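The values are calculated or read from the model by the stated rules, or taken from the named source; none is laboratory data. In this text the structure is predicted, and so the values were computed from the model without any measurement. Every residue, glycine among them, receives a Cβ derived from its backbone with ideal geometry; neighbour counts consider all protein chains shown.
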Amino acid sequence: MKTFDMETVEKFTGRPGFIGKFIHSEGFTFAQWEIKKGTELVFHDHPHEQTTLLLAGKMELGTADKKVTLTPGQGIVFAGGEAHGGFALEDCLVIDVFCPVREDFKKLQQEQK
């Protein structure tokens, strides 16, 4: 068992407009993001399945073919390799769960220390 307190998890500030906090298990990465209003989430893809849940704010998120506007309590699932991106219409608080583990996020955390 592993416990954590998001209030004490180290912040990652390597992307303008984003503040991230990451928890890694052996099988997945849990990420909490604070995203500033007006921040673009540049279209990208990765091999990880991604489940996104918007906790606060309002954001547009989707693929090149389909975009949705998320409000608190709404989410979206992207398959591994599915290109996606969006835009923060308001200040947002977002939870992402990635499977498998985001080794690149682990590396970014280590480099920031």
Original post:
Looking at this structure, is P47 out of contact with any Phe, Trp or Tyr (no Cβ under 9 Å at 6 or more places or on another chain), at pLDDT 95 or above and under 20 Å from L108 (Cα atoms)?
Top reply: yes
Subject >> Pair list, Cβ under 6 Å, 6 or more apart: the stretch 63-85 residue among the hydroxyl-bearing types (S, T, Y), other residue part of a loop (DSSP other than H, G, I, E, B) >> reply: T71/K58
Original post:
Is it fair to say K106 is touching a residue at least 40 places away in the same chain (Cβ under 8 Å) and assigned to a loop (DSSP other than H, G, I, E, B)?
Top reply: no
**OP:** Residue by residue through the stretch 76-88, note down the ones that are under 19 Å from L55 (Cβ atoms), surrounded by 16 or more Cβ atoms within 10 Å (Cβ to Cβ) and of a type outside the set (F, W, Y).
**Re:** I76, H84, G86, A88
Subject >> First in the stretch 37-57 and at positive phi, second anywhere and assigned to a strand (DSSP E or B), Cβ under 7 Å, 6 or more apart >> reply: G38/A88; G57/A88; G57/C92; G57/L93
**OP:** With respect to K21, determine if the residue is of a type in the set (K, R) and not in a strand (DSSP E or B).
**Re:** no
**OP:** Could you please find all residues in the stretch 62-86 being more than 15 Å from F98 (Cα to Cα), touching a strand residue (DSSP E or B) at 6+ places or on another chain (Cβ under 9 Å) and among the charged types (D, E, K, R)?
**Re:** K67
Original post:
Residues of the stretch 48-74 being within 12 Å of G85 (Cβ to Cβ), assigned to a strand (DSSP E or B) and of a type in the set (A, V, I, L, M), which ones?
Top reply: M59, L61
